[in-house]
Amino acid sequence: KSTIGKIMEFTFILKKIISAFLMPLSLGLILALIGLIFLYFNSYKKAKIILSLSFLWIFFISYSPISNKVLSPLENSYKKVSLEQKAQYILLLGGDYESRAYEALRLYYLNKGSKIITSGYKGRGKVSEAIINANKLISLGIPQSDILIQESPKDTKEEALSVKDIVKNEKFFLVTSAYHMKRAMKIFEKEGLNVIAAPTRFLVKDSYYLSLPMASSLNKTEVSFHEYLGLLWEDIKELIN
């Protein structure tokens, strides 16, 4: 690998590690660990305070009304794409095949002669997400000639640079989860791409204040934090540049 390639890979891994420690559940567990350390050293008062904070933090980040409140600004950034909008290409970002692919299929049949671009690297697996998604689309009846595979991009920035070589100045639909759309559009528009937001997989649902903490609510808070950190990182890069 070239020096630039190694630097990019190192930056990618470092970004993942740092963001993992800043996730809501990670912060709650770190608080719990600090509380246990105080407990083992007989600092009972400090231990009670820290462990109580840890419990309350994990409770609230798993509480549906709060997780929905945190996630809503992201999901409401863009509405579902209208039937009047047309484009030659449909970019299906990697991950969450089931929800995203249905939207890509819908847009494909509404836009005759369009091409679907699948994207996503292989990560820890043996086969890239781009190829997995392409094979699934083919199994659903999409001609192989109408699918363009981009399996090298590791993140949204690299996906934007990769698709730029294909679409040029052409309009294209960007299909991704609603919570990720705000950050994705920010990155794609920064590259000067003629992109149309096509959000799908809306996670915010009606919630009741008497509901109990749930893993699904924790997941919503986690993806919210991930996106807000990503948006913050984009703002920092703009200031640096």
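The values are calculated or read from the model by the stated rules, or taken from the named source; none is laboratory data. Fair warning: this is a prediction, and the values are worked out from it, not measured in the lab. Positions of Cβ are backbone-derived with ideal geometry, glycine not excepted, and every protein chain shown enters the neighbour counts. For the accessible areas, the whole protein counts, side chains as well, though only heavy atoms, and no ligand, DNA or RNA atoms are used. Shrake-Rupley method; radii C 1.70, N 1.55, O 1.52, S 1.80 Å.
For this structure, a couple of remarks:
- Checked against the criterion of being at pLDDT 95 or above, part of a helix (DSSP H, G or I) and open to solvent by 70 Å² or more (accessible area, probe 1.4 Å), the candidates Lys48, Lys16 yield just one match: Lys48.
- Residue check for Tyr109: aromatic (Phe, Trp, Tyr), surrounded by fewer than 21 Cβ atoms within 10 Å (Cβ to Cβ) and either in contact (Cβ under 8 Å) with a residue 24 or more places away in the chain or farther than 18 Å from Thr200 by Cβ (or both): no
- Residues within the stretch 116-166 that are in a loop (DSSP other than H, G, I, E, B) and either under 21 Å from Glu227 (Cα atoms) or in contact with a Pro (Cβ under 6 Å, 6 or more places away or on another chain) (or both), tallied: 6
- Pick from the stretch 114-128, criterion within 21 Å of Glu103 (Cβ to Cβ) and under 19 Å from the mean Cα position of the chain (by Cα), ranking: modelled with the lowest pLDDT: Gly120
- Looking only at the stretch 60-72, and only at residues there that are surrounded by fewer than 20 Cβ atoms within 10 Å (Cβ to Cβ) and more than 12 Å from Leu203 (Cα to Cα), the one that is nearest to the chain's Cα centre (by Cα): Ile66
- In the stretch 191-213, the residues that are farther than 30 Å from Glu170 by Cβ and either of a type in the set (S, T, N, Q) or touching a Gly at 6+ places or on another chain (Cβ under 8 Å) (or both): Ser207, Ser211
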